[in-house]
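Here's the structure, in structure tokens; my notes come after.
Where a number appears in this text, it was derived from the coordinates with a stated rule and is not lab data. None of these values were measured; they are calculated from a predicted model. Neighbour counts are summed over all protein chains in view; Cβ atoms, including those assigned to glycine, are modelled from backbone coordinates with ideal geometry.
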Amino acid sequence: MRVAFFGGSFNPPHVAHQLVSLYVLETAPVDELWLVPCWKHPFDKALAPYAQRLRMCELAAAALGPRARASDIEGRLGGESRTLLTIQALREERPDCEFQLIVGADIEPELPLWHGAEELLRTVPRIVVGRGGFSGGSPVAMPKLSSTEVRRRLAAGESVAGLLPKTVADYIREHRLYVG
């Protein structure tokens, strides 16, 4: 089975994450797409609790149909999140799967600086998706939307209409996440 690995903070997952997911599911040679929220950001960014980010990823994935899901692998691994180590753990756990890494064209130039970059770049095929101002060879660029902007708006009491999947917005409201 070919799996597109879409890792990130997902703090919170927003509609651009869903757009990337749908784009990959519909254009790349993959059978499934897994949203993989990080346990602990390598740059020590403050994050909402892991269980809540995982649940929001599950909600966002549900709207994409049965080929998309959230993976709890990083929660089970614990510690600082490193893409190479996570994919290695997934390969041990799921030897029936071939993983491909989804990366935004804006992030791709940074890959050589990642932990285990040489091995990651040599052993994990990439699906590069354009993102606002960065094409990276992708024929389509996703909106330049960030979780940082969503959190800022939520903390300021501003509208996030059209920026979050409805189920994620409802979850955030119900659990009073990201409020000032």
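The set of residues in segment 154-166 that are buried (at least 16 other Cβ atoms within 10 Å of the Cβ) and part of a helix (DSSP H, G or I) contains only 154. Just wondering, is there one or more residues in segment 147-166 that are more than 23 Å from residue 30 (Cβ to Cβ), in contact (Cβ under 8 Å) with a residue 12 or more places away in the chain and in contact with a helix residue (DSSP H, G or I) (Cβ under 6 Å, 6 or more places away or on another chain)? Scanning segment 147-166, I find at least one residue that is more than 23 Å from residue 30 (Cβ to Cβ), in contact (Cβ under 8 Å) with a residue 12 or more places away in the chain and in contact with a helix residue (DSSP H, G or I) (Cβ under 6 Å, 6 or more places away or on another chain), so the answer is yes. On the stretch given as segment 28-60, residues that are under 23 Å from residue 88 (Cβ atoms) and in contact with a Lys or Arg (Cβ under 8 Å, 6 or more places away or on another chain) total 10. The residues listed here are 85, 25, 77; of these, the one that is in contact with a Lys or Arg (Cβ under 9 Å, 6 or more places away or on another chain), in contact (Cβ under 8 Å) with a residue 24 or more places away in the chain and among the aliphatic types (A, V, I, L, M) is 25.
Checking each residue in segment 156-170 for being within 20 Å of the chain's Cα centre (by Cα) and among the small types (Gly, Ala, Ser) picks out 162, 169.
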